[in-house]
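First the structure, in the form of C-alpha cells, and then the observations on it.
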Amino acid sequence: MSTRRPAPVPPGPPVGPVRLLDWRDRAHFARPERCVLCQKTTPLRSHNDEPVHKTCAETWNAEQPGETRFLSDPPKSGGKGNDHT
Ligand SMILES: [Zn+2]
C-alpha cells in the first residue's frame with residue numbers, strides 16, 4: 001500500500017502585469033471569426049490579421065514577455081483638435 005499523495009498544484013507561471021492594448025482603430029474590426037486563443041467568436045483583429053479578443057491578446061502578452069505578437073496601435077501624432085483643415 002503506497003500512500004501516494006496528490007502532487008501539489010504548481011502556482012502556475014508568473015504572469016507579468018497585463019498591459020492594455022489600444023485597438024480602437026477601425027482596422028481592428030472585421031467579420032466575426034474564432035479567436036485564435038479561446039476559440040470564441042470575435043470581430044477583433046490583431047495587426048497580423050489574426051482574429052483574437054483584445055483581452056486574450058493582453059493576457060497572452062503578459063504570459064509571453066518579450067514576444068511581440070500582439071501590438072498596440074501607435075499613438076496618433078499631430079492630432080490636437082484640428083480634424084478639419
Ligand atoms: Zn479570445
Could you grab the pairs with beta carbons closer than 6 Å, sequence gap of 6+ or different chains, first residue in segment 51-74 and touching a residue at least 24 places away in the same chain (Cβ under 8 Å), second one outside any loop (DSSP other than H, G, I, E, B) and of a type outside the set (Val, Ile, Thr)?
54/44; 70/57; 70/61
Mind listing just one residue for me: the one in segment 27-69 that is in contact with a helix residue (DSSP H, G or I) (Cβ under 6 Å, 6 or more places away or on another chain) and not in a loop (DSSP other than H, G, I, E, B) and, of those, farthest from the ligand (Cβ to nearest atom)?
45
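Quick note: the coordinates plus some simple rules give every number you see, no bench work behind them. If you're wondering where the values come from, they're calculated on a predicted model, not measured in any experiment. Please note: Cβ atoms are built from the backbone with ideal geometry, for glycine as well, and neighbour counts cover all protein chains shown.
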